[in-house]
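Asks: Questions regarding the structure given below will be posed in turn.
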Amino acid sequence: MPSILLHLIPASLYGLLGFHFWRSRWHEATAQPRQGLQAWERAALAVTLAIHGYVLHGELFPDGTMRFGFSYALSLMLWLALVIYWVESFYARLDGLQTLVLPLAAVSVLLPALFPGQHVLSNADSAVFRAHFLVAMVAYSLFTLAALHAIIMAAVEKRLHRGKLTRPLASLPPLLAMEALLFRLILIAFVLLTLALATGFVFSESLFGKAAKFDHKILFSIISWCIFAALLLGRYIYGWRGRTALRWTLAGFVTLLLAYVGSRFVLEVILGRAG
């Protein structure tokens, strides 16, 4: 089966699920009362994630090597974000995220077929490298969920200030509960990002086969780390919340996205270089 058709299967399923959640949770005329995932919705999402994971694995590990690039990074980030969402949905209500993350996942599935990465990662068979890579990607994925969660919170807060809360938004959990979940996601992601940066510096020789060098990727990563560190300190010391917390969350996420995805996009698409 041609590569693009393999990617179209999970992309179509994500699109259908996204439409279903929009119609059942967000469309004013058909929005259902407050509820979590139904059994069939959870099963359908699990099947779609399995297909996406199978396709992504084949793209990442062809012929015993490991290829990576901006398209693979985005696809893996969204896949991991949805896996985390699926697991977390058993314990907490993450309402609203489905309608935002599923369309993004549908697009991300197609990206590796449209922009196949030619960058072969060295030392990919190293256990240290794989642990570092996994920690970094889970951190990215958690920050992705946090950013999307912040967007939903911003919409709710804006409507509350206008006194025009729609029925779908009114069915979401209380704003304080959503805020507590946001900072829980950020704290876990921040710990993982700290671990990824620390291992990247300390074990640079065994991870990448060369000493760590200060480049734009490191610069943006450190700036993002500082933004999230300031946000968590501001929350703990000054009780930051509301728009202040949301702005810092989005600023940190955009900076982190520029660290790897942005730099790889410039190299691969704009400059046409694989390395």
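Throughout, read-outs are computed from the coordinates displayed, never taken from laboratory work. The shown structure was predicted, so the numbers you read here are calculated from the model rather than taken from an experiment. Every residue, glycine as well, gets a Cβ built from its backbone with ideal geometry; the counts of neighbours run over all protein chains shown.
Asks: Give me the distance in nm between label points sitting 7 Å out from Cα along the Cα-to-Cβ direction at ASP125 and ARG243, one decimal.
Replies: 5.6
Asks: Let me test this: with uniform point scatterers at the alpha carbons of the range 3-270, what is the Debye-based log₁₀ I(q)/I(0) at q = 0.17 1/Å?
Replies: Normalising to I(0) and taking log10 leaves -1.42.
Asks: State the extension gain, in nm to one decimal, for the chain segment bounded by TRP86 and ILE223, taking 0.36 nm per residue of separation less the distance between their alpha-carbons. Don't skip to the end; give the middle numbers.
Replies: On the way: separation 137, 0.36 × 137 = 49.32 nm, distance 3.01 nm.
Gain on stretching TRP86 to ILE223: 46.3 nm.
Asks: Sort the following peptides by mean Cβ neighbour count (other Cβ atoms within 10 Å, averaged over residues), highest first: 41-50, 247-256, 72-81. Write out the running numbers ahead of the final one.
Replies: Numbers: 41-50: 16.0, 247-256: 19.9, 72-81: 23.8.
Highest to lowest by the protection proxy: 72-81, 247-256, 41-50.
Asks: Each residue of the range 50-55 in order: what ³J(HN,Hα) in whole Hz does its phi give by Karplus 6.51 cos²θ - 1.76 cosθ + 1.60, θ = phi - 60°, with x for Gly and Pro?
Replies: Calculated HN-Hα couplings, in order: 5, 5, 4, x, 5, 5 Hz.
Asks: Could you calculate the contour length gain from LYS158 to SER12, that is, 0.36 nm times the residue separation minus the distance between their Cα atoms, to one decimal place in nm? Before the final figure, lay out the partial values.
Replies: On the way: separation 146, 0.36 × 146 = 52.56 nm, distance 3.24 nm.
49.3 nm is the gain from fully extending LYS158 to SER12.
Asks: Only Cα pairs under 8 Å and at least 6 apart count here; give the relative contact order of the range 3-270 as a rounded whole percent. List each step's numbers first, then the result.
Replies: On the way: 308 pairs, mean separation 60.9, N = 268.
Contact order relative to length: 23 percent.
Asks: Now, a different point. Need the C-alpha centroid separation for the range 29-99 versus the range 213-253, integer Å.
Replies: Cα centres, the range 29-99 to the range 213-253: 26 Å.
Asks: Report the label-to-label distance for TYR236 and LEU110 in nanometres (one decimal), using points 7 Å from each Cα along the Cα→Cβ vector.
Replies: Spacing of the two 7 Å Cα→Cβ label points: 4.4 nm.
Asks: Can you list the HN-Hα couplings for the range 237-252, worked out from phi with the Karplus curve (6.51, -1.76, 1.60; θ = phi - 60°), rounded to whole Hz and with x for Gly and Pro?
Replies: With the stated coefficients, the range 237-252 comes to 8, 9, x, 4, 7, x, 5, 4, 5, 5, 5, 5, 4, 5, 5, x Hz.
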